[in-house]
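Just below is one structure, and these are the notes that go with it.
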Amino acid sequence: MNKNQIKKDVLTHIKEHPKEYPFISRFWDVEIDEIQTSVTESYIDFGHFNTQSTHSSPFYKPISKIIDLSKLV
Amino acid sequence: MRHSIIQSESDDPSTDDVLSWVYYVKKNAVVDTLFDAYPVNSIRLEMSNKENLQATINDINLDNETNYWYRRGQLVSYFDTVRNGNTYQKKMYEETILPIQEYLNGSIYKNQLNRFQDNFTNKLDMLHLAMSLHINIPDVLVTDNSDDLATFLSSHKKVITKPIKNPFIDYSTKIYNVKFLTHTKLITIDDIPKEAFSFMPSFFQKYIEKKYEIRSFYMDGVFKSMAIFSQQNEKTKTDYRNYDRQRPNRCIPYTLPKSLESKLHQLMIKLQLNSGSFDIICTPENEYYFLEVNPIGQFQWVSKNCNYYIERMIAEKITRHE
Amino acid sequence: MSTQLLRLFTNCRIVKGYSRSVICDLQRGKIIYIPNSLTELFDDNNVINVEKIRSELDNESQLIFTDYLKLLNDYELVFPCSAEELDSFPELNLEYDYPATISNAIIDFDKNSLHNLSYIIDNFLIQTNCRHIQVRCFDEVHLDFLKILLTPVGDSFIKSIDIVIKYTSSISQSQITELVNNNKKVRTFTIHSSPINEVIQKENTNSFGVIVSTQQEITSETHCGIIQSGFFNASMETFTESLKYNSCLNKKLSIDSKGEIKNCPSMKESFGNIKDTELQQVIEHKDFKKYWKITKDQVTTCRDCEFRYVCTDCRAYLEDPKDIYSKPLKCGYDPYTNQWDKWSTNPLKQKVIEYYNTHSQ
């Protein structure tokens, strides 16, 4: 059963059984994703903070100015 | 035991931000983190007139002097699986584990910011309380049929509909994740089919014209507000959460009138919340309308756009008493 | 716009230079040039009273004023604000604070270096809450060196690392790409002294993972300190920091290639060597924070420059090495003429460049 078919079925069901859904359902965007069982996005760990994330955040300014941008062009 | 416990999700950026501040404002801060679905494998609680509360969760010792921040996540016990078992097991769970969990999820620490129970703040409750405190709310209709809606529409002309609880609903089958996404929809009389029909009870509110929207972070009586200019952008006009990543709405510091702050403060007391993020509309006529208060919402963008250092405020609060 | 009063959004800051101004849009990270004559139209509340100004202008100026208003509206820099609303929009809090004693660190390596990053993280970076680092290698390194470098980075609370290495035929481009893509804390990876200039990999949606190859030869820390507009940035942190603190050295710690602990590898003063110096000794040294509060407003020429709050500055290489308040040597911008010149070929600067080259280390 592919995603588009499921989406179609869901939207049809909403249309045909309005009593089972709230009013806003007629305007719903339906998004279908496959559940990733094997490949999960790798997490970055932050050591003793015990926090983690799928991505990190950069420093707000360049740490040193040793790269000559004019030579890069 | 004077240390800090943070209960949250391990990938919540604000938790990481606050931790940076915790380790900075309090050198050698002692922090225990209870992240995600945190498994409670052993529990000991002691209450006495002399010592007040003393407890141990797994290998973490705490007492009512412990600083506690609830941000996200939940405590789960080994016995949680039991409650889906037969009636006998279910009853056992309700009589033994549930009361302990409810207790731990409440306000038990002298210095505590939010609690798990805040997740269940009811939207209709807060609108009712706001109304009783004479805070303007957009007129509300909850109904299950299109005739009622048509009447409401004819008097208010423009109406919005949104879910009462979460902005989207997630369903999972064995293979797929199905998401229903629509935050807020503006409807007019043309959106109602001619034939009367019924639906599940749905939430409608009069659409309020906006000059700008206000997001205000509240903690212990202090308001840190930000004005959001969403009206210049068609994409964000109805609900600023329909983000435009290319040209983010202008967000600048704002000060709510003292009289409104005082009423909102009363609202928080009635809701038993010591922190939350308010969504408020300011109309072209300079009237303020309360939309909702989210006990555990996003504050990073308010903090960063307005240079408020909210993360530092939280860090200072949860390392107090050390 | 029919409304009378136009207020500048409080996160848009006007910086007046000698010959022109800029508006630093701190929210959207833009630097917008405006003439000083427009700057002067804003009152003390950063409001332009449209009707009042129009009533005072001649015909030709009216057209110019209309152009000014169009510019302000195109960049969404102003909004209509009534007199009663002024107090509802308070002035922006310009305080700079950062949750770390040391916010960023540079660690240099050459073929003789004995220090290792793991030790530095455990003994210097964790205690100071330093989560952003740059590692610069002046000589060739092996792939293993890089892997050993990145392991403690990945395991620790470090948020980002920028790496600069010398081109070596022993490491292939695909090995570098694989290394960078498997280590999501690598923000930029630059290969210097390379046969070609090339952007090998662009930044991803989170601004990480840039791999660049440059023909520039970076043989030592003496190549640092270049002032270029490509490094200017308008953000809340850089702006507020530059008002009260030094844009480069504030909260910075460095370990040079010899293991000497300094404010930056290009400065002379050392606060001890990594092999036998404790962090506390460094932080508590009376001169360690000496340069942290030198602002651009205190620096000759820079104080008249419209870029002074978005610039990166450099206190190590100066036009007058004897004067700590002199303009950066490697800045070719003249705020009096608004011209950028090549500083490296400027005869006046050549002498000073020689001075630094002979006095390095």
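Points to keep in mind about this one:
- Filtered residues of segment B:88-115 (kept if open to solvent by 80 Å² or more (accessible area, probe 1.4 Å) and more than 20 Å from the chain's Cα centre (by Cα)): B:TYR88, B:LYS90, B:LYS91, B:MET92, B:GLU94, B:GLU95, B:LYS110
- Wholly within segment C:75-148, strands (runs of 3 or more DSSP E) carrying at least 2 residues that are touching a helix residue (DSSP H, G or I) at 6+ places or on another chain (Cβ under 8 Å): C:104-109, C:132-137
- Listed by first and then second residue, the pairs with beta-carbon distance under 7 Å, at least 6 apart or on different chains, first residue in segment C:22-48 and farther than 19 Å from C:LEU5 by Cα, second at pLDDT below 95 and not in a loop (DSSP other than H, G, I, E, B), form an empty list.
- Considering segment C:112-138, the residues that are touching a residue at least 60 places away in the same chain (Cβ under 8 Å) and hydrophobic (A, V, I, L, M, F, W, C) include one that is most open to solvent (accessible area, probe 1.4 Å), namely C:LEU114.
- Flag: A:ILE63 does not match the condition of being open to solvent by less than 30 Å² (accessible area, probe 1.4 Å), over 23 Å from the mean Cα position of the chain (by Cα), at pLDDT below 90 and over 30 Å from B:THR33 (Cα atoms).
- Test: residue in segment B:120-138 that is more than 14 Å from every other protein chain (Cβ to nearest Cβ), without any contact (Cβ under 8 Å) to a residue 24 or more places away in the chain, closer than 27 Å to B:TRP69 by Cβ and not basic (Lys, Arg): yes
- Where strands (runs of 3 or more DSSP E) fall entirely within segment C:158-252, none has at least 3 residues that are open to solvent by 60 Å² or more (accessible area, probe 1.4 Å), on the phi < 0 side of the Ramachandran plot and more than 9 Å from chain A (Cβ to nearest Cβ).
- Count of segment C:1-26 residues which are part of a loop (DSSP other than H, G, I, E, B) and open to solvent by 40 Å² or more (accessible area, probe 1.4 Å): 7
- C:SER270 meets the conditions (1) assigned to a loop (DSSP other than H, G, I, E, B); (2) in contact with a helix residue (DSSP H, G or I) (Cβ under 9 Å, 6 or more places away or on another chain); (3) polar (S, T, N, Q) in every case but one. The failed one is (2).
- Total residues in segment A:13-71, condition part of a loop (DSSP other than H, G, I, E, B), under 24 Å from B:VAL142 (Cα atoms) and either in contact (Cβ under 8 Å) with a residue 60 or more places away in the chain or more than 9 Å from chain B (Cβ to nearest Cβ) (or both): 1
- Condition check for B:GLU285: within 14 Å of another protein chain (Cβ to nearest Cβ) and without any contact (Cβ under 8 Å) to a residue 12 or more places away in the chain: yes
- Residues of segment C:143-157 satisfying the condition of being within 14 Å of chain A (Cβ to nearest Cβ) and not aliphatic (A, V, I, L, M): C:THR151, C:PRO152, C:GLY154, C:ASP155, C:SER156, C:PHE157
- Residue pairs whose Cβ atoms lie under 8 Å apart, sitting 6 or more positions apart in sequence or on different chains, and linking a residue in segment C:345-358 that is touching a residue at least 40 places away in the same chain (Cβ under 8 Å) to a partner that is open to solvent by less than 90 Å² (accessible area, probe 1.4 Å) and among the aliphatic types (A, V, I, L, M), are C:TYR356/C:LEU329.
- Among the residues making up segment B:151-172, those that are within 11 Å of chain A (Cβ to nearest Cβ) and modelled with pLDDT of 90 or more are B:VAL159, B:ILE160, B:THR161.
- Every pair of residues 6+ apart whose Cβ atoms lie under 6 Å, when the first sits in segment C:59-77 and is open to solvent by 70 Å² or more (accessible area, probe 1.4 Å) while the second is at pLDDT 95 or above: C:TYR75/C:ILE32
- Residues of segment C:294-307 that turn out to be among the charged types (D, E, K, R), surrounded by 18 or more Cβ atoms within 10 Å (Cβ to Cβ) and away from chain A (no Cβ under 14 Å), as a count: 1
- Note on segment B:188-222: residues that are part of a strand (DSSP E or B) and out of contact with any His (no Cβ under 6 Å at 6 or more places or on another chain) total 17.
- Selected residue (criterion: surrounded by the most Cβ atoms within 10 Å (Cβ to Cβ)) from residues of segment B:286-303 that are under 17 Å from B:PHE229 (Cβ atoms) and more than 16 Å from the chain's Cα centre (by Cα): B:TYR289
- Residue among B:LYS304, B:LYS263 that is assigned to a helix (DSSP H, G or I), farther than 28 Å from B:GLY73 by Cβ and at pLDDT 95 or above: B:LYS263
- Strands (runs of 3 or more DSSP E) wholly inside segment B:34-78 containing at least 1 residues that are in contact with a Gly (Cβ under 9 Å, 6 or more places away or on another chain) and within 18 Å of B:ASP118 (Cβ to Cβ): B:37-40
- Answer from B:ASP148, B:ASP118 - the residue that is out of contact with any Gly (no Cβ under 7 Å at 6 or more places or on another chain) and either modelled with pLDDT under 90 or open to solvent by 60 Å² or more (accessible area, probe 1.4 Å) (or both): B:ASP148
- Criterion applied to B:ILE175, B:ILE137 was being aliphatic (A, V, I, L, M) and at pLDDT below 95, and the one residue passing it is B:ILE175.
- B:GLU311 falls short on exactly one of the conditions (1) more than 14 Å from chain C (Cβ to nearest Cβ); (2) outside any strand (DSSP E or B); (3) of a type in the set (Asp, Glu), and that condition is (1).
- Only a single criterion out of (1) without any contact (Cβ under 8 Å) to a residue 40 or more places away in the chain; (2) out of contact with any strand residue (DSSP E or B) (no Cβ under 7 Å at 6 or more places or on another chain); (3) under 28 Å from C:PRO99 (Cβ atoms); (4) of a type in the set (Gly, Ala, Ser) is not satisfied by C:SER247, namely (1).
Residue by residue, here is whether (1) over 30 Å from C:CYS248 (Cα atoms); (2) modelled with pLDDT of 95 or more holds:
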residue: A:ILE6; (1), (2): yes, no
residue: A:GLU16; (1), (2): yes, no
residue: A:GLU34; (1), (2): yes, no
residue: A:ASN50; (1), (2): yes, yes
residue: A:SER53; (1), (2): no, yes
residue: A:PRO58; (1), (2): no, yes
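- Selected residue (criterion: surrounded by the most Cβ atoms within 10 Å (Cβ to Cβ)) from residues of segment C:329-343 that are within 14 Å of chain A (Cβ to nearest Cβ) and touching a Ser or Thr at 6+ places or on another chain (Cβ under 9 Å): C:CYS331
- Exactly one residue among C:PHE79, C:PHE65 is out of contact with any His (no Cβ under 9 Å at 6 or more places or on another chain) and closer than 29 Å to B:LYS304 by Cβ, and that residue is C:PHE79.
- Here A:GLU41 clears all of (1) closer than 30 Å to B:TYR23 by Cα; (2) open to solvent by less than 50 Å² (accessible area, probe 1.4 Å) except the condition numbered (2).
The values are calculated or read from the model by the stated rules, or taken from the named source; none is laboratory data. What you see is a predicted model, and the numbers here were worked out from it, not measured in a lab. Reconstructed Cβ throughout: ideal geometry from the backbone, glycine too, with neighbour counts over all protein chains shown. Accessible surface areas use protein heavy atoms only, side chains included; no ligands, DNA or RNA. Shrake-Rupley method; radii C 1.70, N 1.55, O 1.52, S 1.80 Å.
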